[in-house]
Amino acid sequence: MTASVNPARRHIRPGGLPHFFCPGCGSGQVLNFFLKAVDELNLSLDNMVTIGGVGCTARIPVYLNADTLHGVHGRTLAWATGMKLHNPELKVVVFAGDGDAASIGGNHFIHAARRNLDVTMILVNNLNFAMTGGQVAPTTPLQSTTTTTPYGSSEPPFDICRLAAAAGATYVSRWTTNRAHQAVRAIKAALSHRGFSLVEIISQCPTHFGRYALGSGKAADLLNWIEERSVTLAQAEKLSDGERAERFVLGEFIKMERPVFAGSTIYEVGR
Amino acid sequence: MLESRSGQRVLTGVHFMLGNYAVAEGALAAGCNFFAGCPITPANEISERMAKRLPEVGGHFLQGEDELGSIYAVVGASLAGAKAMTATASAGFNYMQEGLGYAYAIEAPCVIVDVQRCRGENFATQSDVMQMRWGASGDYEAIVLAPASVQELFDYTIRAFNLAERFRNPVIVMSETTIALMRERLEIPPAEQIEVWNRKYTELPPADYLPFKAPEYGVPDFAPLGKGYHTIYSLNPHDERGRIDWDPDVFERLYKRITGKIRENRDLICHTESYHLDDAELALIAYGSEVRPALDAAEMARDSGMKVGVLKLATVWPVPERQILEVAKQCRAVIAVEMNIGKYAGEIERVCAGVCPVHKATRNRGLIHAPEELYQFIQGVWA
């Protein structure tokens, strides 16, 4: 009798495991979501470039058996821009945490969306700077306690999906690690989309956000907390702005066609 | 107006050209097909020229959202196979240090032009000479070329691409307001006379390929992106497979190789030029546009019977130690000439220690030395 092996293992870099995610972290789930989407779409990692910056989410591509860039905070989309202009045939997928994409990399993020750069970004939002020890992020809910907001966060958080949509992204959706099927479906839609596609996945960080902000290091408590605050788009429409701000609105926000960024040679010289 | 001819990569002929344009033409002649930059004076004419010229030859121009966006786009394009360049000026060069650090660590060939300026103003200076060497975090060796004329801005930009491709290292062209915004005679040779080096790609199949495997002080072969080679380009310490590895021995071996590939190839990288040095008793050591008044001053001194020569450092980093030491052994004293508070003079002192005294003709007031000033300095040392 042979031991059963997760079929997604063939996409993992030989010798790449064990991963370094904390027990209960959502990053492993997102890795699985992505590989399920890849398999269901019959994509190959061979012609893919997967990019991670710095942070917990940024480690996801390090485990993938693909060409990978890693290790600089927030610059994922800047790399991708140069790469896609020079070789538009490359399939580029960026994995970024909320700190990476919305804080240090915020400028690159809005400009990639504005240009409609043809990449997929899977943004794992665990509501804090996790790898560095649980500091406040631009996504941390107001009044949350973190290691750098001992008296509660005084800054309102970003709604990353609305930011991306306003900046010009052509596919935008948000799900949570509780909603595996929807998340996989959204990643499939993003991978099949031509243009800047963003899937934000609200994820649990029991080690830091859970312990400091919610007083529990149990992943299940955090998943429940996320689920209690999750509403669908239709449900969100009935809420006031104030009520919405305290919820995770889930669904597909944007799906549209727009010319993708092809750099300076989109026109014919001499015209 | 830009006097470019559509579709022609090498504008063979004699021109009267702006220094910044000469950089762009040098890049094109070297095979550059990707440029990203963010507006900053006095480097803008490089971007503007590339924006016009690159699409004509099938390349891409990107105006980055900022300097970080530009340098990382350059690195991304380079890994995708492009010969890529960015240009900026001192303050913008600060921002780019982060991306440079990554390029050194993963050994991405690229060319960075820093048109040095003074604290936000377009005054002449060479005050970035240490930033060029030490600006990024981590251990690395920089290659920095210092042109002194419009012709050399063209020639050295080609050389910068060649060295970048040969050694898989960023190469910096150290430009200055003085030459960048000056028009001079530029002779562009026929394309077939321009030596162009390109990076080496592996001939191994993916199963046998190790992306960072190279001899002790060697340069690893590239693999193309998106062809199943599964290369990781991580800033983090990595082994020959590219995998993040915190074994101290792996870390040490990697950094010894990354720095050794430059240091051990100094003789191939370092270029100097000698003027009137055969019988010189006193030598001026200068780089960049300061070579020009240094030469004038040396000739004035010669006219007055003083045996003075000039050692021009065409390569500033790595330090051409052998060439400097030869001059130090021959001369009573050397004079370090530069347009800053005396930064590189410290390197010259280091090399000349115990061999001959080093005098410093340094200034930083937004103006290049006048030949007469250096002549007076020579008189003071000679006496």
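Taking segment A:221-246 on its own, how many of its residues are open to solvent by less than 60 Å² (accessible area, probe 1.4 Å) and within 28 Å of A:THR147 (Cβ to Cβ)?
6
Step by step: first the residues of segment A:52-76, then only those that are polar (S, T, N, Q) and buried (at least 24 other Cβ atoms within 10 Å of the Cβ), then the one that is nearest to the other protein chains (Cβ to nearest Cβ). Which residue is that?
Here the answer is A:THR68.
Collect the residues in segment A:162-178 that are open to solvent by 30 Å² or more (accessible area, probe 1.4 Å) and among the hydrophobic types (A, V, I, L, M, F, W, C), keeping them in residue-number order.
Scanning segment A:162-178 gives A:LEU163, A:ALA165, A:ALA166, A:TRP175.
A:THR148 is checked against (1) out of contact with any Ser or Thr (no Cβ under 7 Å at 6 or more places or on another chain); (2) within 14 Å of chain B (Cβ to nearest Cβ); (3) without any contact (Cβ under 8 Å) to a residue 60 or more places away in the chain and fails just one. What number does that condition carry?
(2)
Among the residues of segment B:187-198, is there at least one that is in a strand (DSSP E or B), loosely packed, with under 13 Cβ neighbours inside 10 Å and not acidic (Asp, Glu)?
Scanning segment B:187-198, I find no residue that is in a strand (DSSP E or B), loosely packed, with under 13 Cβ neighbours inside 10 Å and not acidic (Asp, Glu), so the answer is no.
So which of B:VAL308, B:VAL250 is over 26 Å from B:PRO109 (Cα atoms), touching a residue at least 12 places away in the same chain (Cβ under 8 Å) and outside the structural domain of B:GLN131 (by TED's automatic domain parsing)?
B:VAL308
With a cut-off of at least 3 residues that are away from every other protein chain (no Cβ under 14 Å) and open to solvent by 10 Å² or more (accessible area, probe 1.4 Å), name the strands (runs of 3 or more DSSP E) lying wholly within segment B:203-303.
Of the strands (runs of 3 or more DSSP E) lying wholly inside segment B:203-303, those with at least 3 residues that are away from every other protein chain (no Cβ under 14 Å) and open to solvent by 10 Å² or more (accessible area, probe 1.4 Å) span B:272-275.
Considering only segment B:83-126, state which residues are open to solvent by less than 10 Å² (accessible area, probe 1.4 Å), part of a helix (DSSP H, G or I) and of a type outside the set (Gly, Ala, Ser).
Hits for segment B:83-126 are B:PHE93, B:MET96, B:LEU100, B:TYR102, B:TYR104, B:ILE106.
Suppose we filter A:PHE21, A:PHE95, A:PHE34 for residues that are under 23 Å from A:THR207 (Cβ atoms), open to solvent by 10 Å² or more (accessible area, probe 1.4 Å) and more than 7 Å from chain B (Cβ to nearest Cβ); which single one remains?
Values: A:PHE95 fails: open to solvent by 10 Å² or more (accessible area, probe 1.4 Å); A:PHE34 fails: open to solvent by 10 Å² or more (accessible area, probe 1.4 Å).
Answer to the selection: A:PHE21.
When the residues of segment B:332-349 are narrowed to those that are open to solvent by 10 Å² or more (accessible area, probe 1.4 Å) and touching a residue at least 24 places away in the same chain (Cβ under 8 Å), which ends up farthest from B:GLU141 (Cα to Cα)?
B:ARG332
Condition check ((1) more than 9 Å from every other protein chain (Cβ to nearest Cβ); (2) on the phi < 0 side of the Ramachandran plot) across all residues:
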{"site": "A:GLY15", "(1), (2)": "no, no"}
{"site": "A:GLY26", "(1), (2)": "yes, yes"}
{"site": "A:ASP46", "(1), (2)": "no, yes"}
{"site": "A:ALA78", "(1), (2)": "no, yes"}
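How many residues does segment B:201-246 contain that are basic (Lys, Arg), under 17 Å from A:THR50 (Cα atoms) and modelled with pLDDT of 95 or more?
Of segment B:201-246, the ones basic (Lys, Arg) are B:213, B:227, B:241, B:243.
With under 17 Å from A:THR50 (Cα atoms) added as a condition, the list becomes B:227, B:241, B:243.
After this cut, where a residue has to be modelled with pLDDT of 95 or more as well, the list is B:227.
Selection size over segment B:201-246: 1.
If I ask for residues that are of a type outside the set (Phe, Trp, Tyr), more than 20 Å from B:LEU100 (Cβ to Cβ) and within 12 Å of chain A (Cβ to nearest Cβ), which ones from segment B:49-78 would you list? Can you show your working first?
The initial filter retains those residues of segment B:49-78 that are of a type outside the set (Phe, Trp, Tyr), namely B:49-60, B:62-71, B:73-78.
Within this subset, residues satisfying the condition of being more than 20 Å from B:LEU100 (Cβ to Cβ) are B:49, B:51-60.
Passing the criteria: B:ALA51, B:LYS52, B:ARG53, B:LEU54, B:PRO55, B:GLU56, B:VAL57, B:GLY58, B:GLY59, B:HIS60.
Kindly evaluate B:GLU107 against the criterion of being acidic (Asp, Glu), over 17 Å from B:CYS32 (Cβ atoms) and at pLDDT below 95.
On the way: acidic (Asp, Glu): yes; over 17 Å from B:CYS32 (Cβ atoms): yes; at pLDDT below 95: no.
No: the conditions fail for B:GLU107.
Go through segment A:247-261 and report how many residues are surrounded by fewer than 16 Cβ atoms within 10 Å (Cβ to Cβ) and either touching a strand residue (DSSP E or B) at 6+ places or on another chain (Cβ under 9 Å) or free of Cβ contacts under 8 Å to residues at least 24 places away in the same chain (or both).
Pass one, segment A:247-261, residues surrounded by fewer than 16 Cβ atoms within 10 Å (Cβ to Cβ): A:247, A:255-259.
Among the residues that remain, those that are also either touching a strand residue (DSSP E or B) at 6+ places or on another chain (Cβ under 9 Å) or free of Cβ contacts under 8 Å to residues at least 24 places away in the same chain (or both) are: A:247, A:255-256.
Going through segment A:247-261 one residue at a time, the tally reaches 3.
Take the conditions of a type outside the set (Lys, Arg), surrounded by fewer than 24 Cβ atoms within 10 Å (Cβ to Cβ) and closer than 26 Å to A:ALA80 by Cβ and apply them to B:TYR72. Does it pass?
Values: of a type outside the set (Lys, Arg): yes; surrounded by fewer than 24 Cβ atoms within 10 Å (Cβ to Cβ): no; closer than 26 Å to A:ALA80 by Cβ: yes.
So B:TYR72 does not fit the description; no.
The values are calculated or read from the model by the stated rules, or taken from the named source; none is laboratory data. This one's a predicted model, so the numbers in the text were calculated from it and none came from an experiment. Every residue, glycine among them, receives a Cβ derived from its backbone with ideal geometry; neighbour counts consider all protein chains shown. Side chains are part of the model used for accessible areas, which takes the heavy atoms of the whole protein and leaves out ligands, DNA and RNA. Shrake-Rupley method; radii C 1.70, N 1.55, O 1.52, S 1.80 Å.
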